[in-house]
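S.K.: The structure that follows is given in the form of structure tokens.
The values are calculated or read from the model by the stated rules, or taken from the named source; none is laboratory data. Quick caveat: nothing in here was measured; it's all calculated off a predicted structure. Using ideal geometry, Cβ is built from the backbone for each residue, glycine included, and neighbour counts are taken over all protein chains shown. Accessible surface areas use protein heavy atoms only, side chains included; no ligands, DNA or RNA. Shrake-Rupley method; radii C 1.70, N 1.55, O 1.52, S 1.80 Å.
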Amino acid sequence: MTELATIEQTLEDAFPDALKPRISKAWQAIFEAATDEQACQLSEQLIDKARLTRLNRCLAVSDYLARQWARKPQILLDVLVSDTLDHPMSKEAFSALFAGLPDDEIGFDQALRETRHRQMSRFIYRDLNRLCDTWMLVEELSVFADVCIHETVEFHYHKLAQKHGVPIGESSGEPQHLVVLGMGKLGAHELNLSSDIDLMFAFEESGTTNGDKPLANQMFFTRLGQRLIKSLDKVSIDGFVFRVDMRLRPYGQSGALAMNFAAMEIYYEDQGREWERYAMIKARDVVGGAAGASLMRDLRPFVYRRYTDFSAIQALRDMKSLITREVRRLGKQDDVKLGAGGIREIEFIAQAYQLIYGGRDEKLQTRSLRQVYQHLDTAGALPENASDELLAAYVFLRNAEHAIQALNDEQTQRLPNDEDGQLRIAYALGYEDWAAFMAAYGVHRTRVREHFDHVVEEVDEETDEVQQAWADAWASDDVTQLRDELQAHGFDTHETNCLVELRENKTLAKLDDVARERVDKFAEQMLACLQAQTHRINAVELMVKLVESVLRRTTYLVLLNENPKALDRLITIASVSTWVMQQLIHHPVLLDELLTEKGLRHVPEPNELRESLRQHSLRINEDDLEDHMDMLRYFKLARQMNIVVAEATGELPLFKVSDYLSYVAEAILNYVLQLSWDFMVNKHGCPSVSGEPCMDTNFAVVAYGKLGGIELGHNSDLDLVFLYQGCDQGTTDGDKPVDSRQFFTRLGQRIIHMLSTRTQLGQLYEVDMRLRPSGGKGLLVSSLDAFERYQDNEAWTWEHQALVRGRIVAGSMAVGQGFKKIRKATLMRERSHEELACEVIKMRKKMHDNLAPTYARSPASEIFHLKHSRWGIVDIEFMVQYAVLAWSREHPELTRFTDNIRILELLADTGLITEFERRDVVAAYQAYRSYGHKLGLRQEKNEAPAADFLRHRQAVKALWCRLLGAGDDECRTNLDVAVE
């Protein structure tokens, strides 16, 4: 083909040799796909040598453009003849693209995607050939997104209004419209090439539509929002328009998709977090007209306080610490956004100043990052040249981000690790080779990191805890000096040998100078701290194991070298808890959690934990299951470590520990359920109820056992049951429909997968589903109706015992209410006390015979198993369950709680047991569990000297025998004689 020959000639000097075959191959595919008429038109366009060179540059870099132009050469032709390549397009020009789009939903969505491909061709062409600067490009991208959102809202609004009528305000009587807030980069007019768009949906007033099939305004705008998301976000054979992220809305993924203004204002007034203020800085009304502008005015006081807001400083420090920990944990040095010195840190610096000073200085009340830095420079708020350096780095990193995304139209900021990809990025950005680009990248990252480190930094008192004697002894060529110094300061023989062996470690000897310097500095401080610790127990051995585990990753030691208080806390932990230290040895990334004391002593409420999880999740791509699973495991390990430290150091009593561990599990279950639900709905659509899509999940997780009783331990598994409501006869409404029962079964399977899969950070929880109806032979999920029939007609007594501890921990409130009614009715059933006692005793004996260690089966044993020995934890639990099943019919209040201690209190309040019996059995239960927790911290067996718990065992036995003793032979055994 003569056209290809002409193209080959233009490649001779202008392009690196390694890229020329890529360009030639792309043109060949384009001309092969073109019709004769299209090929002729293309040839005419390629006569312009300058334009041909620019197109070659695009094909050298972007596989996405090569695919699209070969798939549909008309896209390339349309762009070339549109006369829009050399100048920016206005909002009106973008809006004109939507004139005459198809009136049917399928045709409209297809046309949207074709419009997007054309504009992406234009954006990438202009960017790679530097026909616009970075600021102009991100502005154009944002305006295009605004128009796409507006046109899509209008299209679906009219379709819904035709079916249900126009939504009318309850108070005003006026038509209501959807307000769409753009957050993040969209809100700031700084969208990138392949960005997602963060949105919120709102409407002015509650009310109903005025059509023949009326809907509540809430439902109307929820459906409108769902259709908007589907039109923009859904990936079809034609691609997608924008990935839509709704996680910034009030209450996150669990919140209503659309909220009326009053509810939104109340949320931010009563529950808005500092990080939500941070996010709202960028908020902009993309769709909504006067109503949108009014909402933004009403929300402004939440974002910008009327004074210099120093109260935000600690919250910003917490955010900064979260960013720093995440960088260290994920090691994203090749990520131009999330890595150290990346785009996120530049944005954080600007927004930190906005939160603190924006209320007083209106010039900081802008969404534009460039304007913020320009004003900070003029005001002298930053060090000299800081604004220029940060803006230069921002432009460099955004250009790199655009080049990365131009490769394959993927939402990623990660630099390629293959030579071909690296060559294309370097070429796109004007560098001779990858090394030259990385050198410039390193300079910008270093500058950004330096400025980031000094924002809202905490000033530590300077202390010199490292004694020169330790430095000299550790550095001495003669190891005898170190041994003598250790023994002189009270280290015993075993401790001395451990530390000397560390000093002589072969891996240590092979470290480079930088790593060796880090280890030496840490060793000096560690030895001084250990010397000051009066009760070291096995702290020295554990500290040595920790150091050995990070000898090839000495950046962890830098963290401790620069934070002496964190090292003090680490030594304290090593002195009290083997369990925590082993977590740190296996997962040293958890050392970050030692940086602040607050995390080690603060026990958040359940909602606070959910908000914390939500904040962590915002930095993860919604579709990246692996990242979500790693984040959840880190979250759990970090919270567990915090609570163990607080428990071990006496900061928290045992039952606060159990509460906290239970709250953590509930937060994780809610998160996993919502993530799994979103995945299933995106894949299959929503299940239907009475022909309408479910607006609620209609699915709930019931916890039994320790979690149900709010008594979770550090290594407890989760006894779960999955329930759903209705939908049995329907199917989902997506492109890949499945029947509703199959939908909920797959939902349950995905939840179990996310909880129980082992990753490099371990397993979230072991999940036990055997308490579901019919046990291992039953269906994985049950409808509420089936669950009720099973409890009424088939369940064994021991299953009703288990139900005493059952409670809803995640999911639909409607399903939760249904479960509570079934549970209450089942527990209040009329029963023969004699038959019930016989069943409970029989099950207790079966458990004892099958689960108790051999020594625990003898009443004369000198060893007492805290759980399985007679008159231990299991007997207390069985007693409580018997009492609830026996007396709930006369005393319905006994069904209120699921934990043993509060049920025992109710039994005393109703006179079913005496106050003395309650006091003594509660004391026994607390003693058993407290001692067991301490054993767990030391990783020892759950056993104790029998004589140490004689008084508690007598109390448990006395109440058991009074309540159930007639049929229990053990009640005739003299416990005092047996122990003696």
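S.K.: For ASP785, ASP409, ASP78, give the ranking by accessible area with the largest first, probe 1.4 Å.
M.R.: From most accessible down to least: ASP785, ASP78, ASP409.
S.K.: In debye to the nearest 20, how big a dipole does the chain give about its Cα centre with +1 on each Lys and Arg Cβ and -1 on each Asp and Glu Cβ?
M.R.: It comes to approximately 2280 debye.
S.K.: A further question on this structure: What shape does region 830-979 have by the C-alpha gyration tensor, where a ≥ b ≥ c are the square roots of the eigenvalues, rounded means a/c under 1.5, and otherwise prolate means a/b greater than b/c and oblate the rest?
M.R.: Since a/c reaches 1.5 and a/b is larger than b/c, the shape of region 830-979 is classed as prolate.
S.K.: Can I ask one more? May I ask which of LYS185/LYS230; LYS824/LYS941; LYS282/LYS683; LYS521/LYS545 have a Cα-Cα span longer than 26 Å here?
M.R.: LYS824/LYS941; LYS282/LYS683
S.K.: Here's something else I'd like to know. Any idea what the dipole of region 310-454 comes to, in debye rounded to 20, about its Cα centre with Lys/Arg Cβ at +1 and Asp/Glu Cβ at -1?
M.R.: Taking the Cα centre of region 310-454 as origin, the dipole is about 600 debye.
S.K.: Work from the charge dipole of region 830-979 (Cβ charges, +1 for Lys and Arg, -1 for Asp and Glu, about the Cα centre) and give the residue of ALA946, LEU963, GLY936 farthest towards its positive end.
M.R.: Positive-end residue among those listed: GLY936.
S.K.: Run through the DSSP bridge list for the chain and note the antiparallel percent, rounded to the nearest 5. Mind dumping the intermediate values first?
M.R.: Numbers: 32 of 43 bridges.
Counting DSSP beta bridges with both partners in the chain, the antiparallel share is about 75 percent.
S.K.: Relative to the first principal axis of the alpha-carbon coordinates of the chain, what is the inclination of helix 312-330, with its axis defined by its Cα atoms, in degrees from 0 to 90 and to the nearest 10?
M.R.: 90
S.K.: Based on C-alpha coordinates, I'd like the Rg and Dmax of region 230-309, in Å.
M.R.: Rg and Dmax of region 230-309, Cα atoms, are 15.0, 53 Å.
S.K.: Let me ask something else. With a ≥ b ≥ c taken as the square roots of the eigenvalues of the C-alpha gyration tensor of region 860-912, please select rounded if a/c is under 1.5 and otherwise prolate if a/b is larger than b/c or oblate if it is not?
M.R.: In terms of gyration-tensor shape, prolate.
S.K.: Report, in degrees rounded to the nearest 10, the 0 to 90 angle that the Cα long axis of helix 654-684 makes with the longest principal axis of the chain.
M.R.: It is inclined by approximately 40 degrees.
S.K.: Cα centroid distance between region 901-964 and region 525-574, in Å?
M.R.: Value for the Cα centre distance between the two parts: 38 Å.
S.K.: Which of TYR268, LEU199, SER861 sits closest to the plus end of the dipole of the chain, meaning its Cα is farthest towards the positive end, when Lys and Arg get +1 and Asp and Glu get -1 on the C-beta?
M.R.: SER861
S.K.: Then there is this: Select one label from (1) 37.0; (2) 29.9; (3) 32.5: the one whose number is Kirkwood radius over Cα pairs in Å as derived from the coordinates shown.
M.R.: (3)
S.K.: List the residues, sorted by chain then number, that are 5 or more residues from PHE699 or on another chain and whose placed amide H is less than 5 Å from its amide H.
M.R.: SER812
S.K.: Residues with amide H under 5 Å of LEU712's amide H, sequence separation 5 or more or different chain, H placed in the peptide plane at 1.01 Å from N; which?
M.R.: Distant-sequence amide H within range of LEU712: SER662.
S.K.: Also: In the chain, what percent of the accessible surface is made up of carbon and sulfur (1.4 Å probe, ligands and nucleic acids excluded)?
M.R.: Accessible surface attributable to carbon and sulfur in the chain totals 48 percent.
S.K.: By a straight-distance test (C-alpha under 18 Å), which lysines pair with LYS213 as possible cross-link partners, with residues fewer than eight away in the same chain excluded?
M.R.: Of all the lysines, those that pass the test against LYS213 - Cα under 18 Å, at least 8 places apart if same chain - are LYS159, LYS163.
S.K.: While we're here: Note the angle between two axes, namely the Cα long axis of helix 513-532 and the longest principal axis of the Cα atoms of the chain, as a number of degrees from 0 to 90, rounded to the nearest 10.
M.R.: 30
S.K.: Using +1 at the C-beta of Lys and Arg and -1 at the C-beta of Asp and Glu, which of PHE242, GLN253, MET183 has the Cα lying farthest in the positive direction of the dipole of region 162-294?
M.R.: Positive-end residue among those listed: PHE242.
S.K.: Relative contact order (percent) for region 465-595, with alpha-carbon contacts under 8 angstrom and 6 or more residues of separation? Write down the numbers at each step before the final one.
M.R.: Numbers: 121 pairs, mean separation 32.7, N = 131.
Rounded, it is 25 percent for region 465-595.
S.K.: Can you list the HN-Hα couplings for region 149-161, worked out from phi with the Karplus curve (6.51, -1.76, 1.60; θ = phi - 60°), rounded to whole Hz and with x for Gly and Pro?
M.R.: For region 149-161, the Karplus-derived couplings read 5, 4, 5, 6, 4, 4, 4, 6, 4, 5, 4, 5, 5 Hz, x marking Gly and Pro.
S.K.: Right, something else. Explain nothing, just the number: dipole magnitude of region 465-595 about its Cα centre with +1 on each Lys and Arg Cβ and -1 on each Asp and Glu Cβ, in debye rounded to the nearest 20. If you can, show how the numbers build up before the last one.
M.R.: Numbers: 13 positive and 21 negative charges, 90 e Å.
Using Cβ point charges on Lys, Arg, Asp and Glu, region 465-595 gives about 440 debye.
S.K.: Can you return the lysines within cross-link range of LYS957? Criterion is Cα-Cα under 16 Å, with same-chain partners fewer than 8 residues away left out.
M.R.: Here the lysines satisfying the reach criterion relative to LYS957 are LYS845, LYS867.
S.K.: So, one more: Can you compute 3J(HN,Hα) from phi for each residue in region 924-939, using the Karplus curve 6.51 cos²θ - 1.76 cosθ + 1.60 with θ = phi - 60°, rounded to whole Hz and x for Gly and Pro?
M.R.: 5, 4, 5, 5, 4, 5, 5, 5, x, 4, 5, 4, x, 4, 8, 6
S.K.: Take the alpha carbon atoms of region 128-192, find their center, do the same for region 713-773, and report the distance between the two centers in whole angstrom.
M.R.: A separation of 36 Å, based on Cα centres.
S.K.: If amide hydrogens are placed 1.01 Å from N in the peptide plane, which non-local residues have theirs closer than 5 Å to the one on GLY169?
M.R.: Close amide H contacts, sequence-distant or interchain: GLU174, GLN176.
S.K.: Express the relative contact order of region 830-979 as a whole percentage, based on alpha carbon pairs under 8 Å and six or more residues apart in sequence.
M.R.: Values: 150 pairs, mean separation 45.6, N = 150.
Answer for region 830-979 is 30 percent.
S.K.: Still on this structure: Where a ≥ b ≥ c are the square roots of the eigenvalues of the C-alpha gyration tensor, would you call region 322-366 rounded, which needs a/c under 1.5, or, failing that, prolate if a/b is larger than b/c, or oblate?
M.R.: Verdict is prolate for region 322-366.
S.K.: Here is a follow-up. With the other protein chains left in place, how much accessible area per residue, in square angstrom, belongs to region 465-595 at a 1.4 angstrom probe?
M.R.: With the other protein chains kept in place, region 465-595 gives 45 Å² per residue.
S.K.: On to the next question. So what's the back-of-envelope 222 nm ellipticity for the chain, counting only DSSP H runs of four-plus at -39500 (n - 2.57) apiece and dividing by all residues, rounded to 500?
M.R.: It comes out at -19000 deg cm²/dmol, rounded to the nearest 500.
S.K.: Moving on to the next point. Which ³J(HN,Hα) values, rounded to whole Hz and listed in residue order, are derived for region 862-875 from phi using the Karplus coefficients 6.51, -1.76 and 1.60 in 6.51 cos²θ - 1.76 cosθ + 1.60 with θ = phi - 60°, glycine and proline given as x?
M.R.: The phi angles translate into 7, 10, 10, 7, 4, 8, 9, 4, 4, 6, x, 4, 4, 5 Hz.
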